[in-house]
Amino acid sequence: MYSAQVLEHFEHPRNAGTVDGADAAVRVENPACGDVLELTAKCADGKIEEIRFRAKGCVASMACGSALTELVSGKTLNEAKRLTRDDVVRAVGGLPRASEHASHLAIDALGALLEELAGSS
């Protein structure tokens with residue numbers, strides 16, 4: 001059973017889509033389940049100015065992608081780097097054990113995005 005927050009992010013995703021003229025774009029796939037999370041972002045003055053996501057997969061993966069964008073929007077790259085899987089899980093009100101892979105996918109995608117942003121600055 002999913003939490004109310006997971007269902008809210010799934011039914012009304014925040015920051016869905018792609019950022020036009022993005023400074024970084026990544027696509028990460030979970031090879032075990034096939035879920036895919038794409039992140040695009042613009043950075044200004046060392047802060048994540050705009051971030052958007054596209055997800056293909058389960059309810060939890062879509063919810064974690066949505067929550068992730070809310071958690072890192074406006075943060076510095078260093079602040080975003082400190083975000084943990086547990087932070088994402090808390091933001092969606094918890095995940096069933098069978099859906100925990102979704103939070104790993106979100107954090108893996110964030111790590112790849114931050115690496116790309118750091119390389120472009």
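For residues in the stretch 100-118 being surrounded by 21 or more Cβ atoms within 10 Å (Cβ to Cβ) and within 16 Å of residue 56 (Cβ to Cβ), which is farthest from the chain's Cα centre (by Cα)?
Checking each candidate, the answer is 102.
When residue 79 is evaluated against the numbered criteria (1) free of Cβ contacts under 8 Å to residues at least 40 places away in the same chain; (2) within 14 Å of the chain's Cα centre (by Cα); (3) surrounded by fewer than 19 Cβ atoms within 10 Å (Cβ to Cβ), which criterion, by number, is the only one it fails?
Evaluating residue 79 over (1) free of Cβ contacts under 8 Å to residues at least 40 places away in the same chain; (2) within 14 Å of the chain's Cα centre (by Cα); (3) surrounded by fewer than 19 Cβ atoms within 10 Å (Cβ to Cβ) leaves (2) as the failure.
Only one residue in 72, 59, 88, 92 is within 17 Å of residue 2 (Cα to Cα), open to solvent by less than 40 Å² (accessible area, probe 1.4 Å) and without any contact (Cβ under 8 Å) to a residue 40 or more places away in the chain, so which one is that?
Working: 72 fails: within 17 Å of residue 2 (Cα to Cα); 59 fails: without any contact (Cβ under 8 Å) to a residue 40 or more places away in the chain; 92 fails: without any contact (Cβ under 8 Å) to a residue 40 or more places away in the chain.
Answer to the check: 88.
Report yes if some residue within the stretch 29-36 is open to solvent by less than 60 Å² (accessible area, probe 1.4 Å), assigned to a helix (DSSP H, G or I), out of contact with any Phe, Trp or Tyr (no Cβ under 7 Å at 6 or more places or on another chain) and aliphatic (A, V, I, L, M); otherwise report no. Working first, answer last.
As a first pass, look at the stretch 29-36 and keep what is open to solvent by less than 60 Å² (accessible area, probe 1.4 Å): 30, 34-36.
Pick out the ones that are also assigned to a helix (DSSP H, G or I) and you get none.
No, there is no match, as no residue in the stretch 29-36 is open to solvent by less than 60 Å² (accessible area, probe 1.4 Å), assigned to a helix (DSSP H, G or I), out of contact with any Phe, Trp or Tyr (no Cβ under 7 Å at 6 or more places or on another chain) and aliphatic (A, V, I, L, M).
Do you know which residues across the stretch 63-89 are of a type in the set (Asp, Glu) and within 17 Å of residue 50 (Cβ to Cβ)?
Across the stretch 63-89, the qualifying residues are 70, 79.
Sort out which residues of the stretch 1-28 are of a type in the set (Asp, Glu) and either touching an Asp or Glu at 6+ places or on another chain (Cβ under 7 Å) or closer than 20 Å to residue 90 by Cβ (or both), and write them in order of number. Please lay out each step first, then the result.
Pass one, the stretch 1-28, residues of a type in the set (Asp, Glu): 8, 11, 20, 23.
Across the stretch 1-28, the qualifying residues are 8, 11.
When you look at residue 16, is it surrounded by 17 or more Cβ atoms within 10 Å (Cβ to Cβ) and touching a residue at least 40 places away in the same chain (Cβ under 8 Å), yes or no? Show your work before the answer.
On the way: surrounded by 17 or more Cβ atoms within 10 Å (Cβ to Cβ): no; touching a residue at least 40 places away in the same chain (Cβ under 8 Å): yes.
Spelling it out, it is not the case that residue 16 is surrounded by 17 or more Cβ atoms within 10 Å (Cβ to Cβ) and touching a residue at least 40 places away in the same chain (Cβ under 8 Å).
The values are calculated or read from the model by the stated rules, or taken from the named source; none is laboratory data. All of these numbers come straight from a predicted model, not from anything done at the bench. Here the Cβ is made from the backbone with ideal geometry for all residues, glycine too, and neighbour counts use every protein chain on show. These area figures cover heavy atoms from the full protein model, side chains too; ligands, DNA and RNA do not enter into them. Shrake-Rupley method; radii C 1.70, N 1.55, O 1.52, S 1.80 Å.
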